[in-house]
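Take a look at the structure below.
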Amino acid sequence: MSQEIKLRVSNIEKSFPGVKALNKIDFVVRKGTVHALCGENGAGKSTLMKIINGIYKPDAGQIFIDEKPVKIQNPIQAASYGIAMIAQELNYVPEMSVEENLFLGRLPVNRFGKVDWKKLRRDTLKFLQDEGLPYEPDQKLKTLTVSDIQMLEIIKAVSNNASIIVMDEPTSSITQREVEKLFEKIAMLKEKGVSIIYISHKLDEVFHIADDITVFRDGTVVDSRSAKDFTMDEVIALMVGRKITNVYPKEECPIGETILEVENLYSKGIFKDITFHVKKGEIVGFAGLVGAGRTEVMRSLFGLDPITSGKVKIHGEEIKIQSVHDSIANKMVMLSEDRRRYGIIPVRSVMENASISSLKKFFYGGHWHAKQEKEMVSRYFQKMSVKTPSLETTIQSLSGGNQQKVLLAKWMILEPDILILDEPTRGVDVGAKFEIYKLMTEMAKQGKSVIMVSSELPELIGMCDRIYVMNKGRITGELQRDEFTQEKIMKYAT
Amino acid sequence: MKESFLKKNKIMEKYSIFIVLILMFIICSVLNGNFLTKNNLINVARQLAVGTILAYGEMILIISGMLDLSAGSVLALSGVLSVSLYKATGSLAAAFLIAILVAVVCNLINAGMITHFNAPPFIATLAMSTVARGAALLYTKGQNILQLGDYVVFGQGDILGIPIPIIFLIVITVIIYYLLRHTALGRSLYAIGGNEEAAIASGIKVKLAKYKVFMINGILVGIAGVLFMSRVNAGLPNGAVGYEMEGLTAAIVGGTSFSGGVGTTMGTLAGSFIIGCLNNIMNLTGVDSYVQQIVKGAIIALAVIWDIRSKSKKTSKLILVEEKQEKQLNLNTN
């Protein structure tokens with residue numbers, strides 16, 4: 001491994017009106033290594049990455065590339081210094097072909113300015129072959145998986161001669177197998193001398209792949225050294241600035257009678273023979289690979305998608321769920337996996353977002369009871385420790401973790417009996433994760449039932465009483481708490 | 001410090017449109033002595049009534065992520081039917097109700113096309129616009145209906161010295177304000193326009209809400225139809241062409257965001273008055289009517305650019321304030 005320094009960030013400071021976002025940031029990225037940045041949301045990682053990519057200008061400090069001072073004014077300039085950014089939310093044009101996306105903004109043209117489609121096809125084919133990707137150049141990008149699109153982005157960066165690639169939460173929406181593929185790719189890039197800045201909340205991945213780790217907290221670097229010299233607990237403690245003694249606040253609580261029974265739920269071409277039950281006071285997990293049909297089952301159960309056939313019973317009574325309205329009436333609620341799409345109403349206030357599902361609670365007798373709304377929302381915000389400047393702040397300006405907590409508060413106001421959580425901790429920081437686990441435990445203690453869909457096995461194993469495993473649209477296994485192991489779950493899942 | 005910064009920002013954002021309106025009043029009264037006379041102002045308000053009522057309809061639709069391009073044509077159709085029913089029966093009440101009924105039916109068809117056949121609101125209401133205009137012309141055989149008799153009371157009469165159109169405008173303003181601020185439907189509309197999929201996943205009956213909002217728009221268009229025909233003292237099948245654009249303009253100038261989920265009654269009222277005053281002062285000072293059009297267009301462009309700019313600034317500042325706050329809270333808990 002090389003000791004040669006590729007990127008040096010020295011004394012970087014950045015303030016925004018009334019806020020010191022970054023304070024004297026110092027660290028180095030060595031050539032051909034993976035450098036992980038850890039820290040909670042809002043710790044300053046993304047601000048720093050935006051400075052490196054030329055989106056923000058620093059107030060003070062200097063960036064060196066190959067030990068030469070550089071001034072990066074905009075992302076195009078950053079690219080010319082060999083810096084590439086793979087964002088968490090991938091940027092691509094779904095209706096355009098693989099080749100067009102790959103060469104977007106730099107399509108080869110002839111001297112009359114006409115696109116040279118033949119050259120484009122040749123170059124694309126060469127790339128796809130080199131990378132071993134089984135796609136046609138004229139295939140529309142929307143037909144590819146998230147992981148393949150990500151891979152294309154990386155290839156695109158490399159083909160642009162990138163020598164520093166920033167990856168922001170690259171594994172947040174890809175499967176375990178795809179993660180391995182990504183890691184193989186990263187290893188290859190390292191060998192070519194490319195430096196990777198790897199931002200992730202998943203510490204096991206960080207420790208698997210990183211050569212060096214820098215921990216951020218509150219706009220400062222609290223520690224930066226070789227990954228070998230860190231333990232995972234140390235990193236967590238540094239990140240949150242306090243010790244989290246128990247990652248999973250699971251408590252054993254009495255399990256009561258069956259509350260939810262699902263029999264032979266069937267949706268043509270999507271899932272089949274889905275039969276399961278959930279008891280009072282129970283936390284039931286759904287494991288499986290991405291695409292196994294877990295989210296689809298939950299969406300149908302919640303009334304978002306139609307089913308072809310099957311029965312749903314709550315408290316032993318068969319109910320027809322045709323819309324979300326029906327499931328809310330039966331005290332069953334669901335936190336969606338896609339917060340931006342099915343969760344938040346970005347331009348409206350946190351209060352409106354929290355009360356949107358319980359309009360009837362506040363609108364009766366012909367008018368709106370604003371005071372009651374305010375009290376109720378504040379109470380639940382406090383309970384969930386939502387951090388917001390005010391109740392009128394628009395939800396889009398909160399961090400992911402806080403948005404998630406607002407959405408949970410929205411459902412808690414309805415006092416549900418059954419809480420379905422689909423990937424509740426995706427993209428949220430350690431602190432917010434812990435709050436969500438605590439809420440689950442709290443619900444179970446009150447005799448409510450929780451269903452958790454998650455792709456993170458440790459959290460399923462840590463929190464659940466029972467786990468169903470799904471594969472290809474069917475339930476392939478059911479495990480009790482004393483039989484939980486990652487190996488067993490993976491066996492059923494594949 | 002950050003709180004006062006936030007607050008100041010919010011106050012500016014909330015009231016800037018009214019500051020513009022007040023400035024406009026001052027400038028107009030300086031430019032022309034006739035502007036600030038009671039007669040002129042009442043005249044402005046009377047002229048504005050129809051446009052503002054249509055603007056409220058457009059506003060609630062834009063807030064819900066839709067719009068109505070058929071307002072002007074449906075206004076004409078319901079207006080001519082109302083006028084001819086009055087001439088046949090002599091009943092003002094029946095004439096008033098038929099206008100509302102016709103406009104509501106047209107709007108429920110709009111809603112049906114949009115909710116059940118997933119037609120984009122732009123296309124659905126554009127189609128309705130053509131159909132309604134055609135129906136109005138067919139029914140009247142293209143002839144204006146003249147000599148309306150007592151029908152003119154809606155547009156020209158007054159109660160206790162206040163012109164009836166202004167009374168309609170005030171009552172409707174109060175109702176729309178109440179609808180948006182103090183009802184569950186109001187909240188649902190903001191949610192639907194802000195993120196329709198999230199609204200569905202939150203248990204809001206989105207289709208029903210869309211029917212309701214189009215129905216309300218229908219009532220407003222019907223009333224506007226009666227006021228319009230009665231003010232001009234004729235049933236004009238070719239009248240009110242392009243009035244939906246006037247309504248859209250007022251709503252947008254008043255801060256209603258075309259991306260949905262944002263807009264207020266008072267903002268739209270102010271937007272409508274800003275345009276009305278502008279028209280009035282340009283008339284009073286003898287500005288060429290073609291130049292007037294150019295000025296109006298420029299104002300729409302400015303309003304939209306201003307809206308987008310202030311929005312992007314606001315969000316980025318808020319995120320930072322929030323990050324900082326979070327940090328401080330983190331420190332406190334440690």
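The values are calculated or read from the model by the stated rules, or taken from the named source; none is laboratory data. Given the structure is predicted, the values throughout are model-derived calculations rather than measurements. Note that each Cβ is placed from the backbone with ideal geometry, even for glycine, and that neighbours are counted across all protein chains shown.
Consider segment A:51-70. How many of its residues are among the small types (G, A, S) and part of a strand (DSSP E or B)? Don't jump to the end; show me each part of the working.
So in segment A:51-70, the residues among the small types (G, A, S) come out as A:54, A:60-61.
Subsequent filtering for residues that are part of a strand (DSSP E or B) retains A:60-61.
Residues that pass the stated criteria total 2.
For segment A:239-258, check the following and say yes or no: at least one residue is touching a Ser or Thr at 6+ places or on another chain (Cβ under 6 Å), modelled with pLDDT of 90 or more and either of a type outside the set (A, V, I, L, M) or not in a loop (DSSP other than H, G, I, E, B) (or both).
Within segment A:239-258, the first condition is being touching a Ser or Thr at 6+ places or on another chain (Cβ under 6 Å), and the residues that meet it are A:249, A:251.
Next, only the ones that are modelled with pLDDT of 90 or more stay: none.
No, segment A:239-258 contains no residue that is touching a Ser or Thr at 6+ places or on another chain (Cβ under 6 Å), modelled with pLDDT of 90 or more and either of a type outside the set (A, V, I, L, M) or not in a loop (DSSP other than H, G, I, E, B) (or both).
Could you grab me the full set of residues in segment A:28-45 that are touching a Lys or Arg at 6+ places or on another chain (Cβ under 6 Å), away from chain B (no Cβ under 14 Å) and not in a strand (DSSP E or B)?
A:K31, A:G32, listed by residue number.
For segment A:302-315: of the residues being assigned to a loop (DSSP other than H, G, I, E, B) and of a type outside the set (S, T, Y), which is nearest to the other protein chains (Cβ to nearest Cβ)?
Pass one, segment A:302-315, residues assigned to a loop (DSSP other than H, G, I, E, B): A:302-308, A:315.
When the remaining residues are screened for being of a type outside the set (S, T, Y), the result is A:302-307, A:315.
Details: A:F302: 8, A:G303: 9, A:L304: 6, A:D305: 11, A:P306: 13, A:I307: 17, A:H315: 20 Å.
By that ranking, first place goes to A:L304.
For residues in segment B:142-161 being within 22 Å of the chain's Cα centre (by Cα) and farther than 15 Å from B:L220 by Cβ, which is nearest to the other protein chains (Cβ to nearest Cβ)? Reasoning before the result, please.
Within segment B:142-161, the subset within 22 Å of the chain's Cα centre (by Cα) is B:154-156.
Subset that is farther than 15 Å from B:L220 by Cβ: B:155-156.
Details: B:G155: 32, B:Q156: 35 Å.
Among those that are within 22 Å of the chain's Cα centre (by Cα) and farther than 15 Å from B:L220 by Cβ, it is B:G155.
Quick one: in segment A:316-337, which of the residues that are of a type outside the set (A, V, I, L, M) and in contact with a Ser or Thr (Cβ under 9 Å, 6 or more places away or on another chain) is nearest to the other protein chains (Cβ to nearest Cβ)?
Our first condition is that a residue be of a type outside the set (A, V, I, L, M); within segment A:316-337, this holds for A:316-318, A:320, A:322-323, A:325-327, A:330-331, A:336-337.
Those left that are additionally in contact with a Ser or Thr (Cβ under 9 Å, 6 or more places away or on another chain): A:316, A:336-337.
Numbers: A:G316: 24, A:S336: 6, A:E337: 11 Å.
Out of the qualifying residues, it is A:S336.
Across segment A:71-117, what is the number of residues that are outside any loop (DSSP other than H, G, I, E, B) and under 24 Å from A:R341 (Cα atoms)? It would help to see each step written out before you state the result.
The initial filter retains those residues of segment A:71-117 that are outside any loop (DSSP other than H, G, I, E, B), namely A:75-80, A:83-86, A:97-102, A:109, A:115, A:117.
Next cut, under 24 Å from A:R341 (Cα atoms) only: A:85-86, A:101.
Of the residues in that region, 3 qualify.
Name every residue in segment A:309-357 that is basic (K, R) and within 27 Å of B:G263 (Cβ to Cβ), in order of residue number. Step through it out loud before you land on a result.
Keep residues of segment A:309-357 that are basic (K, R), which gives A:311, A:313, A:320, A:331, A:339-341, A:348.
Within segment A:309-357, A:R339, A:R340, A:R341, A:R348 qualify.
Of these, B:G276, B:G260, B:G218, which one is modelled with pLDDT of 95 or more and either touching a helix residue (DSSP H, G or I) at 6+ places or on another chain (Cβ under 9 Å) or of a type in the set (G, A, S) (or both)? Break it down into steps so the answer makes sense when it comes.
Details: B:G276 fails: modelled with pLDDT of 95 or more; B:G260 fails: modelled with pLDDT of 95 or more.
Testing whether each residue is modelled with pLDDT of 95 or more and either touching a helix residue (DSSP H, G or I) at 6+ places or on another chain (Cβ under 9 Å) or of a type in the set (G, A, S) (or both) leaves just B:G218.
Would you mention how many residues in segment B:204-227 are buried (at least 24 other Cβ atoms within 10 Å of the Cβ), assigned to a helix (DSSP H, G or I) and in contact with a His (Cβ under 9 Å, 6 or more places away or on another chain)?
Looking only at that region, the number is 0.
Among the residues of segment B:160-176, count how many are assigned to a helix (DSSP H, G or I) and crowded, with 17+ Cβ neighbours inside 10 Å. If you could, list the steps in order and put the result at the bottom.
Step one: filter segment B:160-176 for residues assigned to a helix (DSSP H, G or I), giving B:164-176.
Those still in the list that are crowded, with 17+ Cβ neighbours inside 10 Å too: B:164-165, B:168-169, B:172-173, B:176.
Qualifying residue count, segment B:160-176: 7.
For residues that are in contact with a His (Cβ under 8 Å, 6 or more places away or on another chain) and outside any helix (DSSP H, G or I), scanning just segment B:178-203, find the one that is nearest to B:G72 (Cα to Cα).
Only one residue fits best here, namely B:T183.
Give me the pairs, please: first residue somewhere in segment A:349-362 and more than 8 Å from chain B (Cβ to nearest Cβ) and free of Cβ contacts under 8 Å to residues at least 60 places away in the same chain, second residue anywhere and assigned to a helix (DSSP H, G or I) and of a type in the set (K, R), beta-carbon distance under 9 Å, and either six or more positions apart or on two chains.
Short answer, once both residue conditions are applied: A:M351/A:K374; A:N353/A:K410; A:A354/A:K410; A:S358/A:K410.
Quick test of your reading of the structure: A:E415 fulfils all but one of (1) part of a loop (DSSP other than H, G, I, E, B); (2) touching a residue at least 60 places away in the same chain (Cβ under 8 Å); (3) within 11 Å of another protein chain (Cβ to nearest Cβ). Name the failing condition by number.
Only one criterion in (1) part of a loop (DSSP other than H, G, I, E, B); (2) touching a residue at least 60 places away in the same chain (Cβ under 8 Å); (3) within 11 Å of another protein chain (Cβ to nearest Cβ) is unmet by A:E415, namely (3).
All but one of (1) within 14 Å of chain B (Cβ to nearest Cβ); (2) in a loop (DSSP other than H, G, I, E, B) hold for A:L48, so report the exception by its number.
(2)
For segment A:288-317, give me each residue that is among the charged types (D, E, K, R) and surrounded by fewer than 18 Cβ atoms within 10 Å (Cβ to Cβ). Can you show your working first?
In the first step, residues of segment A:288-317 are kept if they are among the charged types (D, E, K, R); the result is A:294, A:296, A:299, A:305, A:311, A:313, A:317.
Within segment A:288-317, A:D305, A:K311, A:K313, A:E317 meet the criteria.
Given (1) surrounded by 21 or more Cβ atoms within 10 Å (Cβ to Cβ); (2) within 30 Å of A:E478 (Cβ to Cβ); (3) out of contact with any Asp or Glu (no Cβ under 6 Å at 6 or more places or on another chain); (4) more than 12 Å from chain B (Cβ to nearest Cβ), where does A:A409 come up short, assuming only one miss?
So the condition that A:A409 fails would be (2).
Filter segment A:175-212 down to the residues that are closer than 25 Å to A:T47 by Cα and in contact with a Leu (Cβ under 8 Å, 6 or more places away or on another chain), then identify the one that is modelled with the lowest pLDDT.
Going through the qualifying residues, I end up with A:I199.
Which residue out of B:G260, B:G254, B:G271 is within 14 Å of chain A (Cβ to nearest Cβ) and within 27 Å of B:Y177 (Cβ to Cβ)?
Values: B:G254 fails: within 14 Å of chain A (Cβ to nearest Cβ); B:G271 fails: within 14 Å of chain A (Cβ to nearest Cβ).
Within the list B:G260, B:G254, B:G271, the selection yields B:G260.
For a quick check of your reading: which helices (runs of 4 or more DSSP H) sit entirely within segment A:318-396 and have at least 2 residues that are exposed (fewer than 15 other Cβ atoms within 10 Å of the Cβ) and among the aromatic types (F, W, Y)? Full working, then the answer.
Numbers: elements: A:324-329, A:350-355, A:359-362, A:370-383.
Output list is empty.
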